[in-house]
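J.: Supplied in structure tokens, the structure appears directly below.
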Amino acid sequence: MKTKIFAALITLVCVVSFLAANASAAFATNEVGLSAYVNVGKNISLDQAATAYKIIEDRTSTYIIGIVEVPNANDYEQPHVYTSSDGWVMAYYAKERPRALIMPWGQFDKNNPDTSLMSNTRLEEALSAVSTIVGVAYSSIKPNTKYYDFQYPEANGLTLIAESRATNGVDSFRFRVPNEYLLYDASWAYYSYDSYNYNGPSYFVLDGNYLSGTNGVISHTSLSDGGNLVDERYFGTISALTKDVLHKGDIGYTAWTTDEGSSNIAIVLIYKQP
């Protein structure tokens, strides 16, 4: 089945208002990259909120910082979450991590992903986990969720582009960054499941070139071993992305079997538009 490219647009705010009233969140300007935050509408019991965390790295009488697990994410992909007793919850990735980690692969069928069904980013999945634990349905506060990139405070736009290939072959897509946009950051996250390397690996190529990502890997393959279903993930940044040029992405998949597995790519652009 040939899938279609999916693109999501997210507005970034230029001011994180709750930080001014929360001295405990001052760490964010030095440590945090892309974030999503929301107020649950009531004071939060930190004892209750703590049960949503896999790892607690810092806790005081007014806040908790640590890792909250989201589906189908390895340790590197798991987001951090800051929860304050006055109702604020902020999920984020450290500034050095690719923004494309927000793509929530766990929301889709590994064998036949339909990215158009995406409901929340990974950051929102983490917000949802905490809000649910403290008794607030995330769906009721989701419209109040805001995104902010602490390293690019003037950025006001984020575009997430995703493409999947679930059968043998190659799909292609194209995108362009308008010349009038100020592009701050471009990153990617590749995920493949149950691909086979006998006739060629699964891969992603941008403008005819493999992207060098995790540990310098450029050939992306989730080679199954003896029929065991495995996955493989790579991440990185795109150091030079020429504006006003039509860029072409090619995503290929070679299956171990005829009906299982997929090859998937997400690209995230952070920018300021006029």
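The numbers here are math on the coordinates, done by the rules we state, and not lab data. Because the structure is predicted, anything quoted here is derived from the model rather than measured. Cβ coordinates were reconstructed from backbone atoms using ideal geometry, including for glycine residues, and neighbour counts include every protein chain displayed.
J.: Could you run the Karplus curve 6.51 cos²θ - 1.76 cosθ + 1.60 with θ = phi - 60° over segment 65-74 and give me ³J(HN,Hα) per residue in whole Hz, x for Gly and Pro?
T.: 10, x, 10, 10, 6, 10, x, 6, 9, 7
J.: Taking the Cα-to-Cβ direction at Glu260 and at Asp109 and moving 7 Å from each Cα, how far apart do the two end points lie in nm?
T.: 1.5 nm
J.: On to the next question. What is the extension gain from Asn30 to Gln151, computed as 0.36 nm multiplied by their sequence separation minus the C-alpha to C-alpha distance, in nm to one decimal? Show your work: numbers first, answer last.
T.: Numbers: separation 121, 0.36 × 121 = 43.56 nm, distance 0.83 nm.
Contour length minus the Cα-Cα distance gives 42.7 nm.
J.: Report the FRET efficiency, 1/(1 + (r/R0)^6), for Glu180 and Ser140, where r is their Cβ-Cβ distance and R0 is 41 Å, rounded to 0.05. Before the final figure, lay out each step's value.
T.: Values: r = 37 Å, r/R0 = 0.91.
Plugging the Cβ-Cβ distance into 1/(1 + (r/R0)^6) gives 0.65.
J.: Is the C-alpha gyration tensor of segment 14-149 telling us rounded, prolate or oblate? Criteria: a/c under 1.5 is rounded; beyond that, a/b larger than b/c is prolate, otherwise oblate.
T.: Verdict is prolate for segment 14-149.
J.: Could you calculate the contour length gain from Lys54 to Asn209, that is, 0.36 nm times the residue separation minus the distance between their Cα atoms, to one decimal place in nm?
T.: Gain on extension, Lys54 to Asn209, equals 52.0 nm.
J.: For Lys243, what residues show an amide H to amide H distance below 5 Å, using hydrogens built from the backbone and excluding near sequence neighbours?
T.: Under 5 Å from the amide H of Lys243 lies no amide H from a residue far enough along the sequence or on another chain.
J.: Given points 7 Å out from each Cα along the Cα-Cβ axis, report the Val13 to Asp244 separation in nanometres with one decimal.
T.: 3.5 nm
J.: With θ set to phi - 60°, apply the Karplus curve 6.51 cos²θ - 1.76 cosθ + 1.60 along segment 89-100 and write out the HN-Hα couplings as whole Hz, x wherever there is a Gly or Pro.
T.: 10, 10, 9, 7, 10, 4, 4, 7, 8, x, 5, 5
J.: Determine, for Arg233, Arg59, Arg176, the number of other Cβ atoms within 10 Å of each Cβ, and report the residues in order from fewest to most. Mind showing how you got there, number by number?
T.: Values: Arg233 21, Arg59 15, Arg176 12.
Ordered from fewest to most neighbouring Cβ atoms within 10 Å, Arg233, Arg59, Arg176 come out as Arg176, Arg59, Arg233.
J.: Once label points are set 7 Å from the Cα along Cα→Cβ at both Asp75 and Thr62, what is their separation, rounded to one decimal in nm?
T.: Placing both labels 7 Å beyond Cα along the Cβ direction yields 3.2 nm.
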